[in-house]
Amino acid sequence: MSSARQSNSCLPATFTSASASISHFPSTIPFDSILPPYPHRLAGMPPQSTYFNGASHFQIDHQTINSAAGNQYFLSGGQDLSLRLNPILDASHTRNRNTSPPDSECFPGTREAVITEITTWADAAMDSTWSPETGNKETLSDSEDGTDSASSDGSDNMVVDRATPHIYWLHGFAGCGKSAISLKVAQIYSGSGRLLASYFFFRGAGDRSTMRRFAVTLASQLAAALPATAPLIEAAVKAEPGLLTSHVSLATQLDRLILSPFQSVINEGVPEETLAKGPFLIVIDGLDECEDKRGVEEFIDHLLSFFEEHPTIPLRVFIASRVEQHIRACLETEGVVLGNLDSHSAENDVEKFLQASFRTAAKKDRVIRAFVRARGAWPTKSDMDKLIEHIGGSFVLASTIFKYIVQPATEEDPTTPMDRLPRTLEMNGLDGLYTQTLARSQNLPHFCNIISTIALLWEPLPIVGISDLLGIDTFEVVRVLLNLQAVIHVPGTDEEGKVTLCHTSLRDFLTTESRSGSFFVPPSFHLRLSFYCFSFIFEKSSRRAYNYALWRIDDHWRSFAESEDCDFINEIERFKTFRPLLINRLQYHSFLCSVFFYTIFFKKSPFDNLYLLTECTNHLALAAECSDPRIRPWLEKQLVYLMVDWHSPAIEFTEHTYETIRHDLQRASVALHTNFSETLEHQTTSSGAERNHVIDPVRALNPEV
């Protein structure tokens, strides 16, 4: 026998020569049995396909279904291409910004200089280049090497001169108005028929914060904007069924679904009147909001390589994003124009916005109107000058301060707008404003859980979705949120619309302890959210947050388990003392049993497997001993997967650990046969035996086999 390979401070330090290999452990697989097959969750698992499960009395004629790794794609029978691509519908400039942030647009008459600079670049034609110093066109008769600027793509159509960079990257500090400018640019070129696609990333907005559906979303918009590309995109999907899955690289998706179809259409001939309008444009906002850092680098690298190979193709890409460290090196090239929004003074624009906004507020607010009648103009010129100087050109700060000043009085904060304005001058930028705003609800019940949930959700939920997930009453969520409308979008109804952050900087504030202090939301809260998702799946009452719980439990568990800032074992031990906000929820034993097993056998666990294994068997026994009626559906869903169908990792441990595991499995066996004998009768059994401490827990659970 080999010596033990793993040890843990929680286990006996002295190991005997005995070792054991656990194989065919009871597969209490949480995310396999309660979630649909999903590539990144179930890597290595056998494909599972379900077609029209439970459907009846319908007919589909001439339909071909290609199934690749459990993913089904409908590729014939006249199905709409957009349905096959499955794009993100709220990622473009036409989305409802109230429910799909960022909700920012240029105030009329503002940001005109920078927009002119961008449109001058985007409109630069074949015989001109764009000067970053002046923003002017410079007419050229020939290219620098003395040759003309004919297309290298073999096309006789009008093309873009290679001297004009194909990519414009607008950068600036958080809150300076980049997203508003992106929206304006997209609107301008959508109106002229030259916009091919637009995409607005936003952190915490589900797939809009990743690269997962980026290419297919752009491709769907491309097919609508330039219909001649649609059959080429469809042909690419038919030729390569896996093209729409995560098994294909982002670069390949970009090439097959967007760049190659566009290039082919241009080469085959586009009407002169179309090209005479100028190059086509793609607008991308908030790349720094994308959590897939490698995907961002891959996108930029591929884009630069494509334009280097095809310097005369009539396509421009406008990107608005902070320049983060992982992408800075990619932009050090002549193929990119870097526009610094910070260099454009915004104080005059901020003043225009504030003056107009306060005038509008005075017409609607009876308190402000009464004050103006009694005291004269408000804010005074002195107040406005101080406010503009304090804001310093940040549009998000200007907008948030304005909302904070004019928000309605509440029982917790009965102050008037006139009281709040001088208070804002003492705040330390956005952080001070966020602190003051959050303090309005800080002492209300469930505040910490509600604000932490909103900050860490992978995609926003309606008010009832948040209350259902947390297990609290809807009015308690509403009560907290009504005081926070300066920084959080609160929908008009509890059931419709989604609760979203006004600006992503609030999430940055909440998740950075040095900035938020007592309002800090630790990554360990993902552990609670994964439990809330897990327990909610077994509720029979409301199903409003069911889809979120079903699909996002894995994301929350991984965010906790893989966080470098969490002490895994200590947080688990603390969690054991945690109680849900309402006690009428599935107890945590089944949750811990499931996630521990998942971590051992389906993830390359960085943790001590002995701790996970002993805890897993202990909580299996505790769950089986519970009288909670929800345990039965958990067992029925989980125990279908009693056998692992692939080679399980070997785990060596001491004689003491072996006896502990065996004892817990025997406890579980007794409890299962006592409390859930009917459930066991419907489960498959295995054959096996114990050899040199090789344990088959299925046999241990069912010793009659």
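The values are calculated or read from the model by the stated rules, or taken from the named source; none is laboratory data. Just so it is clear, the structure is predicted and the values come from calculations on it, not from any experiment. Neighbour counts run over all protein chains shown; Cβ positions are idealised from the backbone, glycine included.
Scanning segment 211-231 for residues that are surrounded by fewer than 22 Cβ atoms within 10 Å (Cβ to Cβ) and under 14 Å from Leu196 (Cβ atoms) yields Ala224, Ala225, Leu226, Pro227, Ala228, Ala230. The condition of being surrounded by 15 or more Cβ atoms within 10 Å (Cβ to Cβ), modelled with pLDDT of 90 or more, assigned by TED's automatic domain parsing to the domain that holds Ser192 and outside any loop (DSSP other than H, G, I, E, B) holds for only one of Ile284, Ile313, Ile327, that being Ile284.
Before we move on, is Ser563 within 26 Å of the chain's Cα centre (by Cα), at pLDDT 85 or above and not assigned by TED's automatic domain parsing to the domain that holds Phe531? Spelling it out, it is not the case that Ser563 is within 26 Å of the chain's Cα centre (by Cα), at pLDDT 85 or above and not assigned by TED's automatic domain parsing to the domain that holds Phe531. On the basis of being part of a strand (DSSP E or B) and buried (at least 17 other Cβ atoms within 10 Å of the Cβ), does Val337 make the cut? Yes: the conditions hold for Val337.
Residue by residue, here is whether (1) aliphatic (A, V, I, L, M); (2) modelled with pLDDT of 90 or more holds:
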residue: Pro491; (1), (2): no, no
residue: Asp494; (1), (2): no, no
residue: Lys498; (1), (2): no, no
residue: Cys502; (1), (2): no, no
residue: Arg507; (1), (2): no, yes
residue: Leu510; (1), (2): yes, yes
residue: Gly517; (1), (2): no, yes
residue: Phe520; (1), (2): no, yes
residue: Ser524; (1), (2): no, yes
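Per-residue answers, yes or no, for (1) farther than 21 Å from Ser100 by Cβ; (2) hydroxyl-bearing (Ser, Thr, Tyr); (3) surrounded by fewer than 23 Cβ atoms within 10 Å (Cβ to Cβ):
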site	(1), (2), (3)
Leu457	no, no, no
Pro460	no, no, no
Val477	no, no, no
Ser505	no, yes, yes
Thr512	yes, yes, yes
Arg515	yes, no, yes
His526	yes, no, no
Phe534	yes, no, no
Ile537	yes, no, yes
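Summed over segment 462-497, residues that are in contact (Cβ under 8 Å) with a residue 60 or more places away in the chain and either of a type outside the set (Asp, Glu) or in contact with a Leu (Cβ under 8 Å, 6 or more places away or on another chain) (or both) total 16.
Would you pick out the residues in segment 363-404 that are aliphatic (A, V, I, L, M), crowded, with 17+ Cβ neighbours inside 10 Å and farther than 17 Å from Lys352 by Cβ?
Let us first name the residues in segment 363-404 that are aliphatic (A, V, I, L, M), namely 367-368, 370, 372, 374, 377, 384, 387-388, 391, 396-398, 401.
Keeping just the survivors that are crowded, with 17+ Cβ neighbours inside 10 Å gives 368, 384, 387-388, 391, 396-398, 401.
Result: Ile368, single match.
For segment 343-402, name all the residues that are at positive phi and in contact with a helix residue (DSSP H, G or I) (Cβ under 6 Å, 6 or more places away or on another chain).
Gly393
Cβ separations smaller than 6 Å between residues 6+ apart or across chains give the following pairs from segment 443-461 residues that are at positive phi to residues that are charged (D, E, K, R): His446/Glu476. If the condition is being over 43 Å from the mean Cα position of the chain (by Cα) and of a type in the set (A, V, I, L, M, F, W, C), then segment 361-393 contributes Ala370, Phe371, Val372, Ala374, Ala377. Number of residues in segment 479-489 that are surrounded by fewer than 19 Cβ atoms within 10 Å (Cβ to Cβ) and either in the same structural domain as Gln407 (by TED's automatic domain parsing) or in a loop (DSSP other than H, G, I, E, B) (or both) equals 1. Of all residues in segment 490-511, those satisfying the criterion of being part of a loop (DSSP other than H, G, I, E, B) and in contact with a strand residue (DSSP E or B) (Cβ under 7 Å, 6 or more places away or on another chain) are Val499, Cys502.
Identify, from the list Val705, Val640, Val698, Val694, the residue that is at pLDDT below 80 and crowded, with 22+ Cβ neighbours inside 10 Å. After ruling out the rest, the residue left standing is Val698.
Would you mention how many residues in segment 62-100 are of a type in the set (A, V, I, L, M), at pLDDT below 50 and either part of a loop (DSSP other than H, G, I, E, B) or under 30 Å from Ile181 (Cβ atoms) (or both)?
2
The condition (being at pLDDT 90 or above, over 23 Å from Pro522 (Cβ atoms) and either outside the structural domain of Tyr532 (by TED's automatic domain parsing) or in contact with a helix residue (DSSP H, G or I) (Cβ under 9 Å, 6 or more places away or on another chain) (or both)) is satisfied by just one residue among Pro408, Pro417: Pro417. Looking at (1) in contact with a Phe, Trp or Tyr (Cβ under 7 Å, 6 or more places away or on another chain); (2) modelled with pLDDT of 90 or more, can you tell me which one Asp385 breaks? Among (1) in contact with a Phe, Trp or Tyr (Cβ under 7 Å, 6 or more places away or on another chain); (2) modelled with pLDDT of 90 or more, the lone unmet condition for Asp385 is (1).
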